[in-house]
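Report on one structure; see the data block that follows.
The values are calculated or read from the model by the stated rules, or taken from the named source; none is laboratory data. Quick caveat, the model's predicted, so the values are computed rather than measured. Positions of Cβ are generated from backbone atoms using ideal geometry, with glycine treated the same way; all protein chains shown enter the neighbour counts. The accessibility values were calculated without ligands, DNA or RNA, using every heavy atom of the protein model including side chains. Shrake-Rupley method; radii C 1.70, N 1.55, O 1.52, S 1.80 Å.
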Amino acid sequence: MKALDIIFGLALAIGGLLVPLSGDAYLMGLVFQLAMWIALAQSWSMLSSTTGYLSLGHAVFYGIGAYVCVLLTGVVPFGVALAAGAAASAVFAGLIGLPVLRVQGPYFVILTYGLAELVRNVVMRIESALGSFGRMIFMVPSFEVLVWCMVALGILATLGAAAVRHSALGAGLAAIRENEVAAETVGVPVARLKLLAFVASATIPGAVGGLALLRTGYFEPAQAFDPVISFTIVTMALVGGTETVRGPVLGALGFTLLSEALWSSLPQLYMIVLGLTLIAFILFVPRGLSGLADRALGRG
Amino acid sequence: MTDTLLTVHGLNTGYGAVQVLFDVAFGVRAGTVTTLVGANGAGKSTIMKTLAGLVAPRAGSLLYDGREIVGLASHERVDAGLCLIPEGRLVFPGMTVEQNLRLGAVSPKARSGHEEMLAEVYRRFPRLQERRRQLAGLMSGGEQQMLALGRGLMARPRLILMDEPTLGLAPVMVKQVFEIIRELRDAGFTILLAEQNARVALELADHAYLLENGRVGLSGTGQDLLEAPEVRRAYLGM
């Protein structure tokens with residue numbers, strides 16, 4: 001299974017990097033979406049799948065990254081703007097992390113959602129006070145470059161999630177998920193590790209948000225901080241399965257392809273199908289697509 | 001007389017508006033078993049949690065190995081060799097026995113040479129080796145207590161804090177746990193034991209303190225307390 005995972009991952013990565021050479025706009029758009037959701041779901045899993053602290057506010061990191069990146073585009077080189085977006089999200093996570101991570105279970109879910117909404121409204125106020133109701137973005141690199149960058153982020157997030165899981169950090173985070181008090185008593189530096197995971201899970205979404213907004217060429221706060229982004233990330237990660245690094249990739253793949261199929265035929269049903277799928281998976285397939293893959297291949 | 005490894009002085013602890021410990025003072029000498037006995041709610045677990053750094057004291061000093069540890073985080077205390085085996089055992093239920101044990105050696109000092117320590121824990125608890133692939137949550141209470149102890153030993157502690165290790169165990173397991181505590185002391189560990197099971201705990205104790213409503217009442221050797229009329233009346237039913 002392990003070898004199969006690596007082959008599958010490599011094939012996806014190479015395929016994604018080759019697509020821009022074809023020049024096919026539809027295919028590039030699809031790969032861009034796919035890589036974006038893989039990067040987001042994988043980042044989310046670094047905190048939420050490992051520790052069980054379910055974030056329902058990851059749109060805030062996407063949005064902050066997008067905002068910073070948009071403000072800097074044209075002022076500094078494109079790569080610097082992206083890195084600044086990622087750094088801004090990481091710093092934000094570092095600042096709010098300690099108090100936020102003191103709250104557990106459903107309270108953490110509600111708090112992260114509320115924080116994301118708060119930041120969204122603050123940015124909307126700032127923008128309207130500045131008299132701007134959306135910003136056009138100029139000097140955007142070619143779409144090919146954006147696709148390459150997004151695929152690179154997807155790869156980076158997947159490698160990062162694998163590294164987190166298979167390190168001492170991952171063992172400590174798993175202990176926190178199992179029993180936080182027990183983790184404390186065996187000497188896991190609980191507060192520090194949670195903060196580390198939180199910052200790690202916030203960083204890549206910052207750059208992803210920047211790229212996504214550069215693609216649309218237009219920044220509008222309500223859209224950059226859209227809570228549906230948070231919901232979709234959680235849905236994909238849960239449907240994919242939280243026990244493996246493979247899970248978020250399968251979840252993102254399944255949902256992106258499903259939405260492609262539905263967009264063209266039944267656009268109104270998209271959200272309904274999303275909801276039904278999530279319910280069905282939570283009730284009947286708790287280990288997600290990843291667990292199904294294990295079973296199909298005669299393991300687990 | 002051996003050295004004092006832990007000296008607690010003027011300890012006051014509470015939760016919110018409720019004060020639980022009032023000017024608690026006691027000492028633990030290296031290489032001995034010291035027992036805290038007392039009724040439910042007397043403050044035994046709160047002392048343990050304060051020592052492990054899970055609860056912050058309001059006032060007082062905790063001198064461990066000549067060093068003030070108030071203000072140190074839990075993981076720093078573990079690294080210094082002070083390890084709590086928590087009440088209710090708190091094993092990681094979804095992990096295997098071996099994963100539980102390896103996590104016990106998560107502190108920097110314990111990480112090097114944790115393979116030898118694992119072998120040592122398996123030698124001491126053959127039952128854990130037999131079950132090393134089993135999920136900890138599926139084991140019996142007695143086995144989980146052994147696992148919690150083994151996991152604590154993985155941190156190479158000097159002072160082991162045991163909070164109610166026999167809680168909810170069958171009588172035959174209770175006997176076994178006390179046997180293990182005796183063995184650990186003979187192997188050179190220092191043990192602070194909080195126990196409701198007063199008679200057995202006092203028989204084993206080198207030194208003992210009776211805790212009443214958050215204050216230290218009597219103290220003396222285990223034998224002294226066993227013979228004290230107030231202990232006999234209140235805790236031994238005589």
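Numerical summary
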| quantity | calculated |
| --- | --- |
| Per residue, in Å², the accessible surface of the range A:229-272 once ligands and nucleic acids are set aside, probe 1.4 Å | 40 Å² |
| Taking only Cα atoms of the range A:207-252, radius of gyration then Dmax in Å | 12.8, 37 |
| Distance histogram for the range B:81-238 (every C-alpha pair counted, 5 angstrom bins, percent rounded to whole numbers) | 2, 9, 18, 20, 19, 13, 8, 6, 4, 1, 0 |
| Mean residue ellipticity (222 nm) of chain A, computed from DSSP H runs ≥ 4 via -39,500 (n - 2.57), nearest 500 | -27000 deg cm²/dmol |
| A:GLU117/B:SER61 FRET efficiency (R0 35 Å; Cβ-Cβ; nearest 0.05) | 0.15 |
| Three-way shape label, the range B:91-157, alpha-carbon gyration tensor, a/c 1.5 | prolate |
| Phi-based couplings in Hz for the range B:75-87 (Karplus 6.51, -1.76, 1.60; Gly and Pro marked x) | 5, 6, 5, 4, 5, 7, x, 10, 10, 9, 9, x, 4 |
| Average accessible surface area per residue within the range B:91-157, 1.4 Å rolling probe, Å² | 42 Å² |
| Heavy-atom accessible surface that A and B bury in contact, both chains counted, 1.4 Å, Å² to 100 | 1400 Å² |
| Paramagnetic label zone (point 7 Å from Cα along Cα-to-C-beta, A:LEU17; backbone N under 13 Å) in the range A:129-170 | A:148-156 |
| Chain B, accessible surface, carbon-and-sulfur percent (1.4 angstrom probe) | 50 percent |
| Candidate lysines - alpha carbon under 29 Å from A:LYS2, same-chain residues fewer than 8 apart omitted | A:LYS194 |
| Positions from the range A:179-193 whose accessible area shrinks by 50 Å² or more when the full protein complex is built, not the chain alone, probe 1.4 Å | A:GLU184, A:THR185, A:VAL186, A:GLY187 |
| The range A:2-296 - Kirkwood radius from inverse mean 1/r over Cα pairs (Å) | 19.3 Å |
| Largest-first ordering by accessible area, 1.4 Å probe, given options A:TRP44, A:TRP37 | A:TRP37, A:TRP44 |
| Cα centroid separation, the range A:146-196 to the range B:45-64 (Å) | 30 Å |
| Exposure rank, largest accessible area first [A:HIS58, B:HIS9; 1.4 Å] | B:HIS9, A:HIS58 |
| Residues whose placed amide H lies under 5 Å from that of B:LEU211, excluding near-sequence neighbours | B:VAL37, B:GLY38, B:GLY217 |
| Sites matching trypsin sites (Lys or Arg not before Pro) across the range B:87-181 that sit in DSSP coil, with at most 10 neighbouring C-beta atoms within 10 Å | B:ARG133 |
| For B:ARG58, distant residues with modelled amide H under 5 Å away | B:ASN12, B:THR13, B:GLY14 |
